[in-house]
Each structure stands twice: as C-alpha cells, then as structure tokens.
Amino acid sequence: MRVLYWILGLGFGVGLMSCDTKTEPDLGNWSTVVVEPVDDATFLFDGSILRTYELRVSDENLAFLNDDPVAEAYVSATLDFEGETFTDVGLRYKGSVGAFVGCTEQNGFPPQETKTCVKLSMKVKMDFTEDGGNFFGLRKLQFHSMNSDQSLMRERLGYALFREMGVTSPRTAPVRLVINGEFAGLFLLVEQIDRSFTRARFGDGGEGNIYKEIWPVHNQQELYATALRNKGGVDRSVERIQRFAQNLLDASENELSTLSERWIHHETIMRYLAVDRTIGNDDGIMHWYCGIPEAQGANASACGNHNFYWYEESKQDHLWLIPWDLDLILGGNTFTLLPAPWYSETNSCEEVVSSFSSRLA
C-alpha cells in the first residue's frame, strides 16, 4: 500500500488544477496523448445519432450462449449494419461476476447456469475467423446492457468527464440492438481498450503493452504476462513494468517521489483521481476487496481492486492509467461504498466489514 500511494502521486503535495474549462494536461517532454481521436471509429461514436445494430445467430448457438452466459464463449453470428453485412463474427455475453448477478438461475457468487435477464452485455469479435478483420477500424464491439443503471447514462457521463479532464478513456454511444429480428433494447456501445484504442491516442504509436488490473508492485514475471491484454500471438516482454516494480521496492523513502514522477505523469493522475472521486467510482482503483471467493484484479495478494488498465509506452519508461467499467458510479453502487473520504489523513488501512462480504478493504 505504501508503494501504491507513491505510484498515484500522493506521497507529496500535488495541487489539483482548475476545472472551469476543458484543458489538456501539460505533458512537457512526454509523448503526445490524444484524448478525442478523429479516426474511422469516430463515425460510430457520434452520440447525436441513435444507430441500429442487427445480430443474427442460429437457434442452436443462441441456446448455447443462454445456457451458460458466464462462460463467455464465442459462437458464430452475422452482423447487419446500415446496409452492410458482416458474416462469421464472434458473439458472446460479456462482463465480470457483477454483470451476471441476478441474471442467472443459480444466483450465488459467482452466478451460474441459464440466463434469466432479458438483456445482458454482449461482445462482437470482428476477426473471429479472419485475422485482421475490423469494423470502422475496431476489432471488437462491446454492447453494455446497463442493467444496473435506470438512467442509462452513468457510463457515458463518467467516460465523458474523464475525457473532459484530459484523461484517456473509451468513447461511447447509445445504440439499438436487434437480435434475430427482435428489438433487444437500448445498449451502450463502449470502445474496447486494445491496440486500436492505443494506436489512436498515444504518440509512441500505441504498440506498447496493455495490462489489465495489475499494479507494478510484483516481481513475478508470470503475473504481468497473465495481465497482458495485447499479446497478438507474440511473446511480448514485460521487462519494463517489472523493472519499475523492482525499482519501487528497492527505493528509499526519499527516492520514491523522483522515481514515480519519471514513470507516471502526475498531473494526469491527479485529474484521474479528481474525476474518480467526483463521480463516486467506488468499484474502481480506490476500492480494495479482501477475502472474497473471486480475487479482484490480477494482483497476487489477499486484497485486490479492478476496473482499470495500464498502457506501457513502447519507447519510454512511461505508464498511463485508463479507467474502465463505470456502471456503478453516481450512486449506483449500493453495497461497496467507500466508507470515508479518500483524502482523510485519519483513515487507516484496516479492513471494513460490509454486507457484500465479511471482508472489504
């Protein structure tokens, strides 16, 4: 926890910037970062137009998905979009454990067995059978059901606020989803965090490593390899983030500030934290779960957190934090609320009992 405190730039006085107008962080000699890219996918994320996506899937394949949605296994399907047909795409339900709570016959922890909810989040893989297949520059489409959000606005607003503050985050757009000719409901198209995402945003070319839900505090290479999300059939090196972790562990208290600043852009991190706390993202980086059946994130420890990515630049020792999964912000999280303000100096790191679990940090 002490090292994470420094990674986030909280080990020394960093003032928050004015939020009166939309501003880009001062990157100095850091690589250029584009928060609102203009690319082929810009067309899809024009929120002023409600577009319709039509999926066709055989009865057999649909039954396979519905019988075990938690398995997140792909089946073959067809996507029709504004006069174009894309055959042999991959289709599956998506989400972590929380996405299926109350939506399967066996509603334990984790949920399992047959689908019971009308809507579930879905993922479409455009290169399911063809390597390099894409859709307006995207290889995957994510349709979020927003089952836990009666306003149908939380994720869209949360990501927009991050981008307004100069923090790289997914683009979104509300869409109509039709499955086998029947209207399935209003979903939110959420941009996948993958190579297409990083190429459109980072000045190093976006070819660096993308890690999901892990902190640079471990010395085991296999942990970072497991958290890597853009292997692409290539044996990618995780030396850079592993070296940062070792440097943090070896550093003295006086060295931590300089070391952290060299790897993490602190102004951007403070912007991230300002938005994270403003929207009440109590299922994100500030919330550590302890002693529950499913470990949170890819951290090998008794406690963990989730719903974030790191982008590791390919040419410099720089890491960028990217938010993810904001469906429980703005009061939507009723069972894992953080118990006290994050900036309180009197907070301890002891576990807090919650109705959700006997042990929550």
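How would you order 299-306, 246-253 from highest to lowest mean count of nearby Cβ atoms within 10 Å?
In descending order of packing, they fall as 299-306, 246-253.
Under a point spin-label approximation (7 Å from Cα along Cα-to-Cβ), what is the residue 118-residue 50 distance to one decimal in nm?
1.5
Where in the range 210-240 are there trypsin sites (Lys or Arg not before Pro) that are in a DSSP coil and have at most 12 other Cβ atoms within 10 angstrom of their Cβ?
Passing sites in the range 210-240 are 231.
Dipole magnitude of the range 259-334 about its Cα centre, charges +1 at Lys/Arg Cβ and -1 at Asp/Glu Cβ only, in debye to the nearest 20?
160
How much net charge surrounds residue 90 when only the other residues with a Cβ under 12 Å from the Cβ of residue 90 are counted, with Lys and Arg +1 and Asp and Glu -1?
Result for the neighbourhood of residue 90: +2.
What is the distance, in nm, between label points placed 7 Å from the Cα along the Cα-to-Cβ direction at residue 199 and at residue 150?
Spacing of the two 7 Å Cα→Cβ label points: 4.3 nm.
Using a simple charge model, +1 on the beta-carbon of Lys and Arg, -1 on the beta-carbon of Asp and Glu, nothing else, what dipole does the range 195-249 show about its Cα centre, in debye to the nearest 20?
Here the range 195-249 has a charge dipole of around 200 debye.
Quick one: if the Förster radius is 41 Å, what FRET efficiency do residue 68 and residue 249 give, using the C-beta to C-beta distance and rounding to 0.05?
0.50
Dividing the Cα radius of gyration by the Kirkwood radius, what Rg/Rh value follows for the range 123-222?
1.02
Excluding residue 318 itself, what net charge comes from residues whose Cβ is under 14 Å from its Cβ, given Lys and Arg +1 and Asp and Glu -1?
-2
All of the numbers you see were taken from the coordinates with simple rules; none came from a lab. What you see is a predicted model, and the numbers here were worked out from it, not measured in a lab. Please note: Cβ atoms are built from the backbone with ideal geometry, for glycine as well, and neighbour counts cover all protein chains shown.
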